[in-house]
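The values are calculated or read from the model by the stated rules, or taken from the named source; none is laboratory data. Being a predicted model, the structure only gives us computed values, none of them experimental. Every residue, glycine as well, gets a Cβ built from its backbone with ideal geometry; the counts of neighbours run over all protein chains shown. Quick note on the areas: whole protein, heavy atoms, side chains included, nothing else; ligands and nucleic acids left out. Shrake-Rupley method; radii C 1.70, N 1.55, O 1.52, S 1.80 Å.
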Amino acid sequence: MGLVKQIFWDVYERFNLLSLDVVSGACAGMYFFAEMMRIPLSWYYYLLLAMAVWTIYTFDHLLDARKVSTVALSKRHRFHQQHFKQLALVLVLTGIAGALLSFHFLTFARIMAAGTILFFLIVGAMVGMRLGNKKSAIAKELLIAAFYVAGIILAPAVQLDFGFISDNWLYYVPAYFILAWFNLVYLSYLDGALDRAEGHHSIMTVMGKRKTRNLLGGLSVIGLIYGLFLFFHLSSYFHRFTLIWALMMLVHVLFFMERPVNITETRRRLELSFSVPLLLLIL
């Protein structure tokens, strides 16, 4: 049994280092909004989102790995250093395949245009933040959270008939933004010492530990209050969606309050928590 457990965690470690858990969470988030809006999405929307998210995250990690002149301290950056050429090649091939599949499947011009614009905005923002001064790093987590939410709601929102569907789904846009921003700020908080040692700038290295922790405390309170608002304000149809979101938010808040020692394990569990919306497949 111990051997099976060890094999599972070894496989999952690669899954995590390759950001595939982030990809799973993004697809789960899109399913969350599509199910809420009652928009049936074909399988290729999830494939294209998965390819786009993996491309963006891997591009970001490769840039970080390239910036470190010595052997990286963090396991993720060290992994991308060791496999830089292979990952760069797969990144290019995935980007090309994603573009070709988009032209093949996305015959709807509006979603094609919106997706392309969003993709280049994200890449441009990533490059721009690296060229800017270190204070621009404060906006990194905020922008990534906003782009993340925009990416997962894009496909269902573009196909939504606003004349016939309730707009209550919009209440979950700020909810998901709060969750995504909290996740990114908290991971930056946990990785503060490593980022500082490797020369990376983040909200933690710029604002400092106390201010970052205060921000996380504020987001915790706002998130929990907003969850109660969703339960009492929206009809019973939305309760399962509120429950799913509240569960993800609560997991983050509890980890933040407990101050875990094992940062790697915490990161894995938090990133995996974004796949919780897949429970909607059985609820």
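Taken over the stretch 178-225, the criterion of being open to solvent by 20 Å² or more (accessible area, probe 1.4 Å), under 20 Å from the mean Cα position of the chain (by Cα) and more than 20 Å from LEU270 (Cα to Cα) is satisfied by HIS201 alone. Within the stretch 28-59, being open to solvent by 40 Å² or more (accessible area, probe 1.4 Å) and either touching a residue at least 12 places away in the same chain (Cβ under 8 Å) or touching a Cys at 6+ places or on another chain (Cβ under 8 Å) (or both) holds for TYR31, GLU35, ARG38, SER42, TYR44, TYR46, LEU47, TYR57, PHE59. Only residues that are crowded, with 19+ Cβ neighbours inside 10 Å and within 20 Å of VAL53 (Cβ to Cβ) were counted in the stretch 156-174, giving 3.
State which residue is modelled with the highest pLDDT when the search covers only the stretch 1-21 and only residues that are polar (S, T, N, Q) and within 17 Å of TRP54 (Cβ to Cβ). Filtering first and then ranking leaves SER19.
Each row is one residue, and each column tells you yes or no for (1) under 18 Å from LEU20 (Cβ atoms); (2) at pLDDT below 90.
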residue	(1), (2)
GLU35	no, no
LEU41	no, no
LEU47	yes, no
TRP54	yes, no
ARG76	yes, yes
ILE111	no, yes
ILE122	no, yes
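THR55: out of contact with any His (no Cβ under 6 Å at 6 or more places or on another chain), among the β-branched types (Val, Ile, Thr) and more than 27 Å from LEU279 (Cα to Cα), yes or no? The answer is no for THR55.
Residues that are polar (S, T, N, Q) and under 25 Å from PHE32 (Cα atoms) number at least 1 in the following helices (runs of 4 or more DSSP H) confined to the stretch 188-283: 209-233, 239-258, 263-273. Quick test of your reading of the structure: ILE153 fulfils all but one of (1) surrounded by fewer than 16 Cβ atoms within 10 Å (Cβ to Cβ); (2) touching a residue at least 24 places away in the same chain (Cβ under 8 Å). Name the failing condition by number. All conditions are met except number (1).
Listed by first and then second residue, the pairs linking a residue in the stretch 1-23 that is closer than 17 Å to SER275 by Cα and surrounded by fewer than 14 Cβ atoms within 10 Å (Cβ to Cβ) to a residue that is at pLDDT below 85 and of a type outside the set (S, T, N, Q), with Cβ atoms under 8 Å apart and 6 or more places separating them unless they lie on different chains, form an empty list. Taking the criterion of being hydroxyl-bearing (Ser, Thr, Tyr) and either more than 21 Å from ALA50 (Cβ to Cβ) or open to solvent by 30 Å² or more (accessible area, probe 1.4 Å) (or both), the residues of the stretch 60-115 that qualify are SER69, THR70, SER74, THR107.
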